[in-house]
Structure formats: structure tokens, C-alpha cells
Amino acid sequence: MNLALLHGERKGTYGWTQFFGDCSGGLIAALIALPYGLAMAALMGLPPVLGVFTSILTAPVIALLGRNPVLIGGTASATVPFIAMAVRNQGIGGAAKVSIVASVIMMGFCVLKLGRHITRVPHAVVTGFSCGIGAMMVISQLDTIMGVASPFSRQARSALGQLTGALSHLGDARAVPLALGLTVILAATFVARYSHRIPAPLVGIVLAVLLARMLGVREQEVGAISAALPAFVGFSWNPSDAFTVLPSAFALAFVSSVNILITSRVVEHFRGRHQRMNASAADAELGAYGIANVFAGMIGAPPSVGIPARSLAVVRCGGSTRLANLMHAVFLIVILRLGWEFVSHIPLAALAGVTAWMGLCLLDWSAWRRLPKMGRVDAAAFLSTALAVLMVNAALAVAIGCSFYVIRAMLGRSPAALNSASLELREH
């Protein structure tokens, strides 16, 4: 790989300080990625290790072709509804089909230069989507953390149905899985407030494993995993896929694209660069992720999107070039090779705690505090998007949220004018 390309914006100034920053940032990103990837893949119904292979397979391509050198990709909560539905309908082969088609669509966004327009999705819709996904993640893990077998909650078509099923078994909750899940949540919350450089969920996982050993209990565990590259997934195309795979893949591509470009904007803002990504860079970023995700889809792994926690951890550790992205994949391979025995003994209740903690982080409490001060259209879009994620599905939720702005644009009036018109109607 060309060293000037690898060093990105620090061409000609790369030294030992930058190298150690990239290595330490890559290590912390890998430590964060491990429990995240395992938890997210398990939530989708996939073998947990595939969530880690998403990062390993896509990082080299993203590092080579991506425009933001410290935007770290991996398995994310935003993709959960689409992959989980594909797994329920067609198994791991269905997940592979949806991921590959979504990757091709993302490359199409790049060719058609649509990335520059996707960045215009209103912030209120993005925030509402994040909050809705966060609530869904917490709800989806309640029965595992409570240690109850609740077929109804797992088969429910909406997060609200899952919540009803889990709460109906509240009296059957068991102490051990509840203690393990809460240990992860509380420990991760404390560590995250203390330092952003420490991989908070990993600390929670370690404490949960130690607690299980001290109590001498054996809860259901992740099980044996392999660092070897999984085999390619076999699948066949059916005429019905035009009505099942294509809509879900398009929605996955759209949501992933929004996630990637908004995360990139957040990371650049954190680095002190407050200008928006230029139009061509936004298009190229989607193309890079589209190409990278084809490799992940071939083994049935979830698609990669921008991960704020890992990206900001790299920046905080002094990472500044594309080497940090590569190192995060290298360290993941080393961890799987040398630490597979520890990973295999992680209780599923502890992984559920990681998922629930991530969901709580996504709820964006500051947005709820700002809600009374929001404009009517922004507030309606925010609430509708968040609720629609829980009541219907993620793709429709984004469409519902954006529809408020479409209606406002069609009416051709500002929010102030609409409020004035509403007051006039009330007076008459």
C-alpha cells in the first residue's frame, strides 16, 4: 500500500508519535469491537464471531479506499432490524443476500453521486432513529438478562410486542443472569464516565465472567469459536426475492449510508474540523464501504458501518491515519487467536448486558431534554421516527420521519407560517 495514501492527511510528517497513536488507537478500537461485534451478531441471530469478522474483512478496504482516515467501521445497531429479519426468513443465506445486494446498492449511490444528498437527512430523524434503535436493543435483551424462556417475545413482530412478552414473565426472572447482565451495564457505565480510553464493555464482560466463576454457576455461554475465516455462504435466488430481499436491501443501504456519513461528520467535528465533508468525498466513502461489505456478505457477516465509539477512541488515543484502521483489524485477529478460550466462556447474559448498555447509550437523553424547545416539525419527526422503529420497522420509520419535511416543503411554508396559520384557524 502506498505510504502517502496510508498516512492520509499527515503526508510527509509521519513519525513515531503518530505511529504509536495509530497503534494504541487501533488496540482500543479492537477491544471495544470484540464485545460489540459478538453481541450484535448474536442479536441478529448469526454466529457471534461473524460480528467480529465484519471488522476484520472490511477494515483493509475501508482504510485503502475510504476518505475519512479515522472512521472505523464494524457491526452496528442500525443494521440489526434488517439482518435479523433476513435471518428469520431465510437463515444465514438470507442475511448474505441482503448484505450483498445492499452493498451493490451503496456502490450505486456512489456512482450516481447520491452520497452528497443523503447527508441532508434531517438531524431530528437521525436522532429519533438512534433513540428508537436504542430502545429496541434494550427491550430485545430483557428476556435473556432476566433468564426466562419467552418464545412469545422472540417471535413478536415489533419491539413493543417483545416488551409485553418479557414483562409477562417478570415473575420468573432468575437472579444469576440478572446479576451478570446488570454487572456489565453498571461497570460499563462507570468506566465510560471515568475514561473514554478504557474499553468499557470489555471491563464489564471481564467482571461478569469473574462473577460467574466466583458464584460457581454455569449459564449458557458463547461456545467454541474459531479464528479461521468462515466458509462462503451458499444461497439461491428466487423470484420472490424481488419482493422480500430487494426492499430490505435498499432500506439497509440507505440507513447504512446515512449512518456512515453522519458518523464521519461527528468524528471530524470531534477532531476540530467543523466543515462538512465535500460532495465527492461523501460519494467515495459510500463506494468504499459498498465494496468492503461485499467481502463481509460473502460469509454471511453483517455489513460494516461507521462506529462512533471506536472512531472517537482512536482519535482520543492519538490515532490520525489509515494505519489505525488496519491495526484495529490486526489486533482483532490476534485477540481471536490467543484469547479464544476466554471468549468462548462469556455468558450470553453478559453479552445481552453489552447490547442493553449500548442501547441505553443510543437513547440520547440530551435530545429528550431539548424536545420542548424543538420546532413542531422537528419534534413530530423525532417522536414519530423513534416510535415507528418500535411499532413497525426501521425503514418505514425513516420514511415516516422524513415525510414531515416533505409535507412542509410541498406546502412551501416555514414552521412559523404554519404556526401562524394554525392560530388563525383556531381564532375563526
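Summary table below
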item: Filter result for the condition that a residue is free of Cβ contacts under 8 Å to residues at least 24 places away in the same chain, within 23 Å of the chain's Cα centre (by Cα) and loosely packed, with under 15 Cβ neighbours inside 10 Å, over 229, 186, 210; result: 186
item: Meets criteria (within 28 Å of residue 205 (Cα to Cα), assigned to a helix (DSSP H, G or I) and of a type outside the set (Ser, Thr, Tyr)) for residue 351; result: yes
item: Given (1) closer than 25 Å to residue 359 by Cα; (2) at pLDDT 90 or above, index of the condition residue 57 fails; result: (1)
item: Any hit, the stretch 218-226, residues being among the hydrophobic types (A, V, I, L, M, F, W, C), over 22 Å from the mean Cα position of the chain (by Cα), under 26 Å from residue 92 (Cα atoms) and loosely packed, with under 12 Cβ neighbours inside 10 Å; result: yes
item: The one condition in (1) modelled with pLDDT under 80; (2) of a type in the set (A, V, I, L, M, F, W, C); (3) under 30 Å from residue 24 (Cα atoms) that residue 156 fails to fulfil; result: (3)
item: Single condition residue 359 does not satisfy, out of (1) within 25 Å of residue 95 (Cα to Cα); (2) part of a helix (DSSP H, G or I); (3) at pLDDT 90 or above; result: (3)
item: Contacts under 7 angstrom Cβ, first residue in the stretch 247-275 being part of a helix (DSSP H, G or I), partner modelled with pLDDT of 75 or more and hydroxyl-bearing (Ser, Thr, Tyr), 6 or more apart; result: 252/79; 256/79; 260/289; 263/311; 267/311
item: Condition met for residue 311 (farther than 18 Å from residue 229 by Cα, assigned to a helix (DSSP H, G or I) and among the hydroxyl-bearing types (Ser, Thr, Tyr)); result: yes
item: Sole residue being over 21 Å from residue 115 (Cα atoms), at pLDDT 80 or above and among the β-branched types (Val, Ile, Thr), chosen from 307, 333, 260; result: 333
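Okay, residues lined up against (1) surrounded by fewer than 24 Cβ atoms within 10 Å (Cβ to Cβ); (2) free of Cβ contacts under 8 Å to residues at least 12 places away in the same chain; (3) of a type outside the set (A, V, I, L, M, F, W, C); (4) part of a helix (DSSP H, G or I):
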| residue | (1), (2), (3), (4) |
| --- | --- |
| 90 | yes, no, yes, yes |
| 99 | no, no, yes, yes |
| 104 | yes, no, no, yes |
| 129 | no, no, no, yes |
| 133 | no, no, no, yes |
| 139 | no, no, no, yes |
| 143 | no, no, yes, yes |
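The values are calculated or read from the model by the stated rules, or taken from the named source; none is laboratory data. For clarity, every value in this text was computed on a predicted model and none was experimentally measured. Cβ coordinates were reconstructed from backbone atoms using ideal geometry, including for glycine residues, and neighbour counts include every protein chain displayed.
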